[in-house]
Amino acid sequence: MTFAGALLASSASAQVVDMNTVTCKDFTAFNKDITFSVVMWLDAYYRDEDDPPVIDFDKMAQKAGQLGGYCAKNPGHSLTTAAEPIMSK
C-alpha cells in the first residue's frame, strides 16, 4: 500500500505514518487533523529532554506555518529534514 493509500484508509482502522518516508508534498496534502498530529509529533521529537512539558499552541502554529511555507517551495524534501531547523528553535 502506498503512503497516500494508507492515509485514505477507513477511519475505523488505525493509520500508521512512517515519518522517515513523509515528504513535504505529503505534508502539504494532509488534512487538518493529520497535519495537527504530525506537527505535535515533530514538536515533541525536536524538543530537548530537559525542556518543560508545556504546549505553546501559538508558537506551534507559527512553526507549522513556516514548515508549510518551506514545504510548498520544496515538495521533494523529506519532512523530518525540513522540520529540523524550524522545530528545533
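The amide H of Thr23, built 1.01 Å from its N in the peptide plane, has Leu79 as neighbours under 5 Å, considering only residues 5 or more places off or on other chains. Multiplying the residue separation of Asn74 and Ser37 by 0.36 nm and removing their Cα-Cα distance gives an extension gain of 11.2 nm.
Per-residue Karplus couplings for segment 23-39, computed as 6.51 cos²θ - 1.76 cosθ + 1.60 with θ equal to phi - 60°, are listed in order as 9, 4, 4, 4, 4, 6, 8, 4, 6, 4, 5, 5, 4, 4, 4, 5, 5 Hz, Gly and Pro entered as x. Here the gap between Met60 and Arg47, fully extended at 0.36 nm per residue and compared with their Cα-Cα distance, gives a gain of 3.5 nm.
A short reminder: the numbers here are calculations on the coordinates, not readings from a lab. Everything numeric in this text was worked out from a predicted model, so none of it was measured.
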